[in-house]
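Structure record follows, encoded as structure tokens.
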Amino acid sequence: MSEFSTSGQYDASNIQILEGLEPVRKRPGMYIGSTDERGLHHLVWEIVDNSIDEAMAGHATHVIVAIEEDGSLSVEDDGRGIPVDIHPKTGKSTLETILTVLHAGGKFGGAESGYKVSGGLHGVGASVVNALSNKLEARVYRGGREYIQVFQRGAPDAPAADIGETEKRGTKIRFWPDDSMFSTVEFDRDTIVSRLRQQAYLTKGITITFFDHRDGFVYRFYFEGGVRSYVSFLNRRAEAIGDVFYAERTIDDMQVEVSLQYKKDDYDEKTISFVNNIHTPEGGTHLVGFRTALTRMINKYARDNEILKEKDSNLGNDDVSEGLTAVVSIKVPEPQFEGQTKSKLGTSEARGAVDKVVAEKIYEFFAENPKTAKGIIDKCVLAYQARMAARNARDTIIRKGALEGMTLPGKLADCSSKDPVKSELYIVEGDSAGGSAKQGRDREFQAILPLRGKILNTEQARIDKIFGNQEIKNLIIALGTSIGDTFDVSKLRYHRIIIMTDADVDGAHIRTLLLTFFFRYLRDVITGGYLYIAQPPLYKLAKDKKVWYAHTDEEKERIRLEYNVVSDGIQRYKGLGEMNAEQLWETTMDPQVRVMSRVGIDDAERANEVFRVLMGEDVAPRRRFIQSRAKQVTNLDV
Ligand code: 28F
């Protein structure tokens, strides 16, 4: 190990640092998932999570996040400040170690080290942000002194320097993402604001302020009520049954927080679960504990108060979930994650802890709010009856063999391969594009299902009505999985389902309807990674018998300039119908050249949310949704 130099310039020692972070710069996707916009925002979450950790440990109360005028991003907290003492073994300060050694910041350890969000299984640590930033400036306010250390792509210019007195305390990190690494280095305000709102709900009592210094936009979050406020926010557009239920308790080092409220006329469920502030879209033991306890206590209360008679069968989890909005947040010192995207909690003790908290407190809540309890149970009983009716309706339809795939719909142009792994289904908007797709496809492994016009608005329709809609029925039969509680993803007849709609507003509408339908009734098709969206080209450029296709404006400009294509050699595609079969194949269907994106669960969830706001029946939220994107607002969310 080379002698640690104290001179301003670092000599051989920082080569070792570069080696430490070299793998990050070589394969960034291994650390932050991707280098597109989503990966860029992972850099923000890494740093913000460190501040939230400091707040969760009770040492910070304010976090400030800012997009600076030059497009860089800064995060500041008023915690203890990362230690700057020099570590005898490495000769480096703790600050420099955290920022230059992989996984250095997030030490594992019992509850005394708090509930680590960053640096844990999900956090890769601030050093990854440092490695992927052209520049990173760390400031520490500690012991009445201010320290600063600047890095370029993870290598420090010099040791941490004491630059004078300060009244402040805490840590501030500002970074300039490396534009040679990311497809975009432009931060998205909405993405950051909605994540900060969520973190503020999950860390009750913290104040998070967001500044966009590019245009003076300010947002401040402070939620005294923690997840109780979160449930109120989630239900803000709905009419609710009674007050919000809230329970909090620490059992064996696990801090459990649960809140719920039922909506009156809506039967859509929205239960969001977290571990150490990390969203667990695949649920896990904490969510199982929540659901079983809630169902058990609702049945118990219903029987104790003769709403359910001796002869009545128990209400099931599904009946208890209709119209339910709930947030389950648990903090566990060393959580075990499972599942495909490591976003399912495996820690078995969490199930018992959440079950215990819910069972104890929800019965008390019902006893203290008998009207609310009656309203909830009546709704659950109604859901039970509707489920029975739908099951009977479905059974009659299935008995008629309509859904057993006995009669594949006439509109489906199936492929000859019977191997689902090789087969793919294009869901195409409109009969004309459907026709071209049928002609242009490779019939060995590509099936086509044309969709006529707008499919059913599944936002409001009940399951028995959905079965009545021919387009939906065709789709379900073609997929082969059935739907609802007879759904079986292993019966899927195609392992790639590709939504191909026009690039215009109508196409976006149909795509949103389809995404919402899959999200609502065929969710495992999404979580299994089977659902894609085709990206047809936006432009066709032609010159001297040569033809190019462009998927983005930038690509079109690059080709136009490179080959000097005159403007009347450039066609902007309005819809799929303008392409003939051969063009459709060679631009959008040929696996060698086509561009398509895989649908993630949060894309579909966001479509579902956007769908509800834009397609729901209340006007106010639609106006708000549109306004909040059209003008700058200063909002105080309480
Ligand atoms: C803008 C981003 O990163 N805030 C942080 C602290 C405070 C401590 C700490 C962080 C690793 C091994 C300790 C201070 N004093 N905001 C942040 N604030 N990390 S990151 O320590 C991590 C070290 O041991 C801190 C006493 N204990 C901990």
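The values are calculated or read from the model by the stated rules, or taken from the named source; none is laboratory data. Since the structure is predicted, the reported quantities are computational estimates derived from the model, not experimental observations. Cβ coordinates were reconstructed from backbone atoms using ideal geometry, including for glycine residues, and neighbour counts include every protein chain displayed.
General remarks:
- Selection of region 71-86 for residues being part of a loop (DSSP other than H, G, I, E, B), more than 9 Å from the ligand (Cβ to nearest atom) and hydrophobic (A, V, I, L, M, F, W, C) yields only VAL84.
- Within region 81-97, considering residues that are closer than 25 Å to LYS168 by Cβ, surrounded by fewer than 22 Cβ atoms within 10 Å (Cβ to Cβ) and touching a helix residue (DSSP H, G or I) at 6+ places or on another chain (Cβ under 7 Å), the one modelled with the lowest pLDDT: HIS87
- ARG520 being modelled with pLDDT of 85 or more and within 22 Å of the chain's Cα centre (by Cα): no
- Count of region 431-443 residues, restricted to those that are buried (at least 21 other Cβ atoms within 10 Å of the Cβ) and in a loop (DSSP other than H, G, I, E, B), is 1.
- Number of positions in region 96-107 that are near the ligand (Cβ under 9 Å from one of its atoms) and either of a type outside the set (Lys, Arg) or outside any loop (DSSP other than H, G, I, E, B) (or both): 5
- Here VAL288 meets the list (1) of a type in the set (Val, Ile, Thr); (2) over 23 Å from the mean Cα position of the chain (by Cα); (3) part of a helix (DSSP H, G or I) almost entirely, failing just condition (2).
- Looking only at region 57-70, residues that are more than 9 Å from the ligand (Cβ to nearest atom) and either assigned to a helix (DSSP H, G or I) or more than 24 Å from the chain's Cα centre (by Cα) (or both) come to 6 in all.
- The single residue among PRO156, PRO177 that is over 29 Å from the mean Cα position of the chain (by Cα) and of a type outside the set (A, V, I, L, M, F, W, C) turns out to be PRO156.
- Take the conditions (1) outside any strand (DSSP E or B); (2) crowded, with 21+ Cβ neighbours inside 10 Å; ILE497 misses just one of them, which is (1).
- Which listed residue, of ASP319, ASP395, ASP355, is modelled with pLDDT of 95 or more and either more than 24 Å from the chain's Cα centre (by Cα) or buried (at least 20 other Cβ atoms within 10 Å of the Cβ) (or both): ASP355
- Here THR209 passes the criteria (1) of a type in the set (S, T, N, Q); (2) within 26 Å of ILE376 (Cα to Cα); (3) out of contact with any helix residue (DSSP H, G or I) (no Cβ under 7 Å at 6 or more places or on another chain) except the one numbered (2).
- The requirement of being within 18 Å of PHE175 (Cα to Cα), modelled with pLDDT of 95 or more, more than 9 Å from the ligand (Cβ to nearest atom) and not in a strand (DSSP E or B) is satisfied by VAL129.
- Reported count of residues in region 66-80, each being surrounded by fewer than 20 Cβ atoms within 10 Å (Cβ to Cβ) and not small (Gly, Ala, Ser), is 4.
- Here ASP304 fulfils each of the conditions (1) surrounded by fewer than 22 Cβ atoms within 10 Å (Cβ to Cβ); (2) more than 25 Å from ASP266 (Cβ to Cβ); (3) touching a residue at least 60 places away in the same chain (Cβ under 8 Å) apart from (3).
- Those residues of region 221-253 which are more than 15 Å from ARG195 (Cα to Cα), among the β-branched types (Val, Ile, Thr) and part of a helix (DSSP H, G or I), in sequence order: VAL231
- The number of residues in region 28-56 being assigned to a helix (DSSP H, G or I) and more than 16 Å from ILE192 (Cβ to Cβ) comes to 7.
- Filtering region 325-344 to residues that are closer than 27 Å to ARG387 by Cβ and crowded, with 21+ Cβ neighbours inside 10 Å leaves THR325, ALA326, VAL327, VAL328.
Yes/no matrix, rows are residues, columns are (1) crowded, with 18+ Cβ neighbours inside 10 Å; (2) of a type in the set (A, V, I, L, M, F, W, C); (3) touching a residue at least 12 places away in the same chain (Cβ under 8 Å):
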position: HIS551; (1), (2), (3): no, no, yes
position: LEU561; (1), (2), (3): no, yes, no
position: ASN564; (1), (2), (3): no, no, yes
position: MET589; (1), (2), (3): yes, yes, yes
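- For first residues located in region 24-53 and closer than 16 Å to SER74 by Cβ, partners that are polar (S, T, N, Q) and away from the ligand (no atom under 16 Å from the Cβ) and lie 6+ apart or on another chain with Cβ distances below 7 Å form the pairs LEU40/THR184; HIS41/THR191.
- Residues that are on the phi > 0 side of the Ramachandran plot and part of a loop (DSSP other than H, G, I, E, B) occur in region 336-359; there is at least one.
- Candidate set: region 558-608, residues that are among the hydrophobic types (A, V, I, L, M, F, W, C) and assigned to a loop (DSSP other than H, G, I, E, B); chosen: the one farthest from ILE533 (Cα to Cα): VAL566
- Within region 216-248, being among the aliphatic types (A, V, I, L, M) and either without any contact (Cβ under 8 Å) to a residue 24 or more places away in the chain or surrounded by fewer than 17 Cβ atoms within 10 Å (Cβ to Cβ) (or both) holds for VAL218, VAL244.
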